[in-house]
1. Quick one: in segment A:41-77, which of the residues that are part of a strand (DSSP E or B) and away from chain B (no Cβ under 14 Å) is nearest to residue A:15 (Cα to Cα)?
2. Do we have residue A:84 as closer than 23 Å to residue A:158 by Cα, outside any strand (DSSP E or B) and in contact with a strand residue (DSSP E or B) (Cβ under 6 Å, 6 or more places away or on another chain) here?
3. Within segment A:223-261, can you find the residues that are under 16 Å from residue A:167 (Cα atoms) and either surrounded by fewer than 21 Cβ atoms within 10 Å (Cβ to Cβ) or in contact with a helix residue (DSSP H, G or I) (Cβ under 7 Å, 6 or more places away or on another chain) (or both)?
4. Could you check chain B for helices (runs of 4 or more DSSP H) lying wholly inside it with 1 or more residues that are within 14 Å of chain A (Cβ to nearest Cβ), surrounded by 14 or more Cβ atoms within 10 Å (Cβ to Cβ) and in contact with a helix residue (DSSP H, G or I) (Cβ under 8 Å, 6 or more places away or on another chain)?
5. Suppose we filter segment A:104-138 for residues that are without any contact (Cβ under 8 Å) to a residue 40 or more places away in the chain and in contact with a strand residue (DSSP E or B) (Cβ under 6 Å, 6 or more places away or on another chain); how many remain?
6. With assigned to a loop (DSSP other than H, G, I, E, B), in contact with a strand residue (DSSP E or B) (Cβ under 8 Å, 6 or more places away or on another chain) and farther than 16 Å from residue A:265 by Cα as the only criterion, which of A:349, A:308 stands out?
7. Closer than 17 Å to residue A:125 by Cβ, within 13 Å of chain B (Cβ to nearest Cβ) and within 21 Å of the chain's Cα centre (by Cα): is that true of residue A:86 in this structure?
8. All but one of (1) under 28 Å from residue A:357 (Cβ atoms); (2) outside any loop (DSSP other than H, G, I, E, B) hold for residue A:98, so report the exception by its number.
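Bear in mind that the values in this text are calculations on the coordinates, not laboratory data. Owing to the predicted nature of the structure, the values given are computational and were not obtained by experimental measurement. For neighbour counting, all protein chains shown are included, and Cβ atoms are generated from backbone atoms with ideal geometry for every residue, glycine included.
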């Protein structure tokens, strides 16, 4: 019997939600690390019992936790994230140079082939790797050393490297995204990087089509088609069919093309999901209606999914790492809100129900499908 | 034996009680005390002082004997009452956001 394990990071701890393949009844475990900000919790695709978690606090800094038993018990591992060499400066909000300073780990991406190898995306933006289960971390400095680095600047949430996508067909290819620098790709496992932002248009930067400076919120890929990328930008939902070399807008009939999350159906590479959010200053759903939008055509044509979701007086946000899919035959879709709800759909988005309603603000949602 | 009071989050992290006891070589200084604390509880490395600079994290303060020692030199001797174990060395989180 298949099982599903949903890993939820919140402002005040981590939660592990488990169900059988029907996804009707859920057990809730947590809070783990009560009181700490849990930016991201993610399991290894090689060993489902191996889970990594980013734990941080404005008072006590950064910790990385590791579980070897599916989240029942945890142990702190290495938390030293030292930039390679002299970090230099990036741009501050007002355009002045600002020293690169480590603040937190936003995203942990376990390797597709080795449970002890895990990548970390941090703020201020840099790309780190551990090959010993998180005990020791080394920066892959070529990304930050890319010539554009001094021109990167923080988004409202900080200058965070928030998205890491590993190409299952090409071990050397990794995509990352940074707010507000843009998306980057390496084809040689991090030795060199190139910005992949051609086609993006951002009116909030002096040159709207600049090589870097775009506030990319999230990027998603279907593992069967690693050259096709879907992006939720600060504004605009975008698509690339050439591994990021060029992008085109697919916002189509969305009520607003601002948002944070984007994800792809586990079995239908042209079926994608977003949660439109009213921007720029409000950051809640339009008209107080929480609606997931699904496109079955790879973009441009979107349908609102509302069954089971609040359609009045709803003013939550859905943050960039807070949507995930399972890989059961009838694909499950999950997302968490800043209001503390985690919603699940066991039928690809047709109907939704909350697994939990009253958690702290949800920062991240990941799913493990356990056979 | 030196006594150290930890804030709740660090107590939980160290899986220790509210007060921990550590051996510190004389003369007892902040640096030696924190070195010994981190040696006994390695999971606390980076949570009280920065990994690289070894500076106190900015939202933490060090108190002892009703004095704020946060801005004392890390190599200055701590009060005799701390060195003798009569009074604890207190690591406390700054009140912020409430």
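1. First pass over segment A:41-77, keeping only residues part of a strand (DSSP E or B): A:41-43, A:51-57, A:61-67, A:75-76.
Add one more test, that the residue is away from chain B (no Cβ under 14 Å), and what stays is A:41-43, A:51-52, A:67.
Details: A:41: 9, A:42: 12, A:43: 13, A:51: 12, A:52: 13, A:67: 13 Å.
In this case the residue turns out to be A:41.
2. Details: closer than 23 Å to residue A:158 by Cα: yes; outside any strand (DSSP E or B): yes; in contact with a strand residue (DSSP E or B) (Cβ under 6 Å, 6 or more places away or on another chain): yes.
Yes: the conditions hold for residue A:84.
3. Those that are under 16 Å from residue A:167 (Cα atoms) and either surrounded by fewer than 21 Cβ atoms within 10 Å (Cβ to Cβ) or in contact with a helix residue (DSSP H, G or I) (Cβ under 7 Å, 6 or more places away or on another chain) (or both): A:223, A:224, A:225, A:226, A:227, A:228, A:241, A:242, A:243, A:245.
4. Those helices (runs of 4 or more DSSP H) span B:8-14, B:30-40.
5. 1
6. Values: A:349 fails: farther than 16 Å from residue A:265 by Cα.
Exactly one of A:349, A:308 is assigned to a loop (DSSP other than H, G, I, E, B), in contact with a strand residue (DSSP E or B) (Cβ under 8 Å, 6 or more places away or on another chain) and farther than 16 Å from residue A:265 by Cα, namely A:308.
7. Working: closer than 17 Å to residue A:125 by Cβ: yes; within 13 Å of chain B (Cβ to nearest Cβ): yes; within 21 Å of the chain's Cα centre (by Cα): no.
No.
8. (1)
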